[in-house]
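Before any comments, here is the structure.
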Amino acid sequence: MGAQLSGGGGGRYSVKANSEINVTPFVDVMLVLLIIFMVAAPLASVSIKVALPTAVAKPSPTPPKPVYLTIRKDGSVFIGDFSTSLDTLPADLKKAVGTRDPARERIYIRSDKDTEYGDFLGLMNKLQDNGFYSVALVGEDNSK
């Protein structure tokens with residue numbers, strides 16, 4: 001609410017209430033923003049039409065004996081059906097891989113959706129530190 005400092009009536013310094021709101025500056029700002037967005041919106045959209053091909057990836061062949069690592073939501077780690085820990089993971093994983101080259105062996109990681117990111121990252125770091133560089137993440141197939 002504004003005040004009007006001059007006016008008729010009472011004393012020399014009488015104050016009269018002014019209840020009018022000046023919306024002109026607000027309308028000016030809104031019109032300028034509207035014009036800016038009207039000009040910028042067509043520039044942000046893609047105007048080139050392209051007929052994209054469908055991507056059909058052939059499934060990669062599964063190795064004769066795939067190695068699955070599983071992380072539960074409580075942070076416990078399993079190789080196949082056998083429990084392990086991050087400390088014993090390298091030795092247990094090398095036993096599971098056998099004579100195959102660890103750098104070329106693909107490790108399939110299954111994880112609970114509520115697994116903490118720190119537990120998952122710790123597992124990934126442990127794999128990389130021990131020469132297992134090829135990792136595949138296993139997810140649920142909802143395409144059916």
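The values are calculated or read from the model by the stated rules, or taken from the named source; none is laboratory data. This structure is a prediction, so every number in the text was calculated from the model and none was measured. Quick reminder, even Gly has a Cβ in these numbers, built from the backbone with ideal geometry, and neighbours come from all protein chains shown.
Filtered by the rule that a residue be at pLDDT 80 or above and either of a type in the set (Gly, Ala, Ser) or touching a Phe, Trp or Tyr at 6+ places or on another chain (Cβ under 8 Å) (or both), the stretch 29-77 gives 40, 66, 67, 68, 69, 70, 71, 72, 75, 76. Go through the residues of the stretch 81-89 one by one and say whether even a single one is surrounded by 15 or more Cβ atoms within 10 Å (Cβ to Cβ) and under 15 Å from residue 67 (Cβ atoms). Yes: one or more hits. The set of residues in the stretch 90-125 that are surrounded by 13 or more Cβ atoms within 10 Å (Cβ to Cβ), out of contact with any Ser or Thr (no Cβ under 8 Å at 6 or more places or on another chain), among the charged types (D, E, K, R) and under 18 Å from residue 136 (Cβ atoms) comprises 100, 112.
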